[in-house]
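Quick note: the coordinates plus some simple rules give every number you see, no bench work behind them. These numbers come from a predicted model, not from an experiment. Cβ sites come from the backbone with ideal geometry, for glycine too, and all protein chains shown count toward neighbours.
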Amino acid sequence: MRVAIVGGLTRATRDWEAAGDAAGIVVEHHDGNTSGNRATTLARMIGRADVVIAITIPNSHAGVAIARRAAHSRGCPFVLVKRLAPQALADIVANASSGPLPSGMERSAKPASRVRIPEGAATPPSRRAS
């Protein structure tokens, strides 16, 4: 099982990887920054994942939007959490495809065709129309 974690603190990557190793899960982390070619890197990482977990603190709106769209276009479970403790990783992955999520977490149920991103929300500030 391969899990893509989008957002969160880069310094926590080793902790998530260790928790994933203990549960037999391969973890890839992207900090959610979408400047330059990092949006493409994010989409490619999600293309390899079986489950996508997006952490909203800290993360960019564009990072969450790209993660959500890429996961839905693949039919991949997408889980949105405020924070992610390494100890909770295995439980979240186990519950990602079915069953209720723990309190404070939500599973995105919108199909890709219904996800609407406000105009300019996923566009870097340097490219937004003034």
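Being within 11 Å of the chain's Cα centre (by Cα), surrounded by 19 or more Cβ atoms within 10 Å (Cβ to Cβ) and among the aliphatic types (A, V, I, L, M) holds for only one residue in Ala54, Ala43, Ala96, and it is Ala54. Does Ile66 satisfy the condition of being within 16 Å of Val93 (Cα to Cα) and under 10 Å from the mean Cα position of the chain (by Cα)? When the stated conditions are applied, Ile66 does not pass them.
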